Amino acid sequence: MDLGLKGKVALVAGASQGMGRASALGFAREGAKVAICARGEAALNDAAAMIRKETGGEVLALVADMSKSEDIKKFVNQSAEHFGRLDIIVNNAGGPPPGEFMK
C-alpha cells in the first residue's frame, strides 16, 4: 500500500514495544524516516534494530521520558536537527494502569 509517506519524517514516542513499535514499523515500511523514543535504552535499541533490519529504513533512537518536559524538547529538537524536518508526530506515551475492563 502506498500512503504517500515516502521521505516524510515521523516521531513516535513510546516506540520500544506495543502500538508505538508497530506504528514506527508501519511508517518505516511506507518509506518514512522515523525517530523513536522510549525510557528503556535496551528495548529501544532492539526496536530500532528490528525496524532497520525489516525495512532498511533510517531510524533515530533516543532515550527520552515523555513525562519530563526536558526530554520531550530534546527528542523533538534532536530529531528535527537530525532529519532537517518533522512531518508526523505520534504521541504514544503512558497509558492507563493495567486492570479489569469494567473498572
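FYI, it's all coordinate maths here, none of it is from the lab. A quick note: this is a predicted structure, and the numbers were derived from the prediction, not measured. Don't worry about glycine lacking a Cβ; one is built from the backbone with ideal geometry, like all the others, and counts go over all protein chains shown.
Taken as a whole, segment 59-67 holds at least one residue that is over 13 Å from the mean Cα position of the chain (by Cα) and without any contact (Cβ under 8 Å) to a residue 60 or more places away in the chain.
For segment 1-39, filtered to residues that are more than 22 Å from Glu81 (Cα to Cα) and aliphatic (A, V, I, L, M), the residue that is farthest from the chain's Cα centre (by Cα) is Met1. Working only within segment 40-57, note down all residues that are touching a strand residue (DSSP E or B) at 6+ places or on another chain (Cβ under 9 Å) and more than 20 Å from His82 (Cα to Cα). The answer is Gly40, and nothing else.
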